[in-house]
Amino acid sequence: MLSRIFRETENAAVNRKRQIDTLKIFNDHVTEIQEDVEYRVEFSAGGHGMTIQVSLPPEFPLEKPVLKVSPQIDHPWVNEQCKVFTVHSDLGRVVQAIIREFERRPPPLVGDAGGGTSTTHHTGENGQESCTSGRTSPPYMMLAFAQQQQQRVLSFPELLDLSAAELEHLSQSEDRLDEFIDKLPPVLKLNNAVEDMISKNEELAKENLTKEPQLEKLRYGVQDKLEALAILKDSYESLSQEYQRLSDKYAPSSIKESLRLAALHSDEESEQIAEQFLSGKISVEQFVSMYLQKRTLSQTRKTKEEKLGSQLKELERAGY
């Protein structure tokens, strides 16, 4: 829930210093009476010079601060116990909000013509100051901050125009506070932005669904192309092997070696023909014809081998 952001816990010492810093930042004419304990803020309202005395208890901000305003005034925030109930925020903002309230609606001084019922400020049996109704009053009234757990609500300017009763009404119910927060312009703007983002996401999801058949078709097309690619790959590998075989076979050095082996083979065949003639297996005419054919073929092959070898040496010397 959004109201949880107002219930943050902080280190007491650090938070105390931060609260005092806000008092000095958000208000003019702040005088330090006692360091870290008591301060005085001077301002003017309705043509009267006024003072708010800020007293910080030892356990502040865990314990409520006490404000005394001088001179004594009549104001709707003051109840019969001389206490003004307001939400507790940054100390500086609270004092600033009170001063702005008095400046916008200057309160009458107690005792002035047309002023409201005054209050009397005295010390009770337990040594603590208290207030009773009457026409005379001391120069101070005490302002207490009753809702400390909602620590930063006065950061929202919408609260500055609420009466003490309306603020008390909010502070008494977390549901009412959440309802009030949900109606604030920044929260409404954030909710509208979230709704807009949700709508855009839904539209994008619907658009993606309409493209699903096309994507499925493309997926099958890619699958077919992958299968065709696999077939082409196998064919390429087979042809590459055949090419390598033929390349080795018809390389100049391979051809030279083949010519040499073929010439040797022709020589062997001519020797076999001579042996057949000597053994009387063939006639003179057959011997001459066959022998000359084999010897001619052998010589031709040797000549080609020598010529090819010479050419290869020339290429080798030329750097090829």
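The values are calculated or read from the model by the stated rules, or taken from the named source; none is laboratory data. No experiment lies behind these values; they were computed from the predicted model shown. Cβ placement follows ideal geometry from the backbone for every residue including glycine, while neighbour counts extend to all protein chains displayed. Only protein heavy atoms, including side chains, enter the accessible area calculation; ligands, DNA and RNA are left aside. Shrake-Rupley method; radii C 1.70, N 1.55, O 1.52, S 1.80 Å.
Over segment 27-66, average the accessible area per residue using a 1.4 Å probe and give it in Å², no decimals.
Numbers: 2180 Å² over 40 residues.
Spelled out: the 1.4 Å probe surface of segment 27-66, per residue, equals 54 Å².
Quote the FRET efficiency, to the nearest 0.05, computed for residue 264 versus residue 240 with a Förster distance R0 of 35 Å and r equal to the Cβ-Cβ distance.
On the way: r = 33 Å, r/R0 = 0.94.
Efficiency for this residue pair is about 0.60.
Over segment 179-236, give the accessible area per residue in Å² for a 1.4 Å probe, as an integer.
Value returned for segment 179-236: 91 Å² of accessible area per residue.
Rg/Rh for segment 181-320 to two decimals, with Rh computed the Kirkwood way over all alpha-carbon pairs.
We get a ratio of 1.71 for segment 181-320.
Suppose we look only past 16 Å in the calculated P(r) of segment 14-80. What percent of the Cα-Cα pairs does that tail hold?
So the portion of pairs separated by more than 16 Å is 52 percent.
List the lysines whose Cα sits under 28 Å from the Cα of residue 68, skipping any in the same chain fewer than 8 residues away.
17, 24, 83
Using θ = phi - 60° and the Karplus relation 6.51 cos²θ - 1.76 cosθ + 1.60, list the HN-Hα couplings for segment 175-187 in order, rounded to whole Hz, with x at every Gly or Pro.
5, 5, 5, 5, 5, 5, 5, 5, 8, 5, x, x, 6
For the residue pair residue 214 and residue 201, what label-to-label distance in nm results when each label sits 7 Å from Cα along the Cα-to-beta-carbon direction?
2.4
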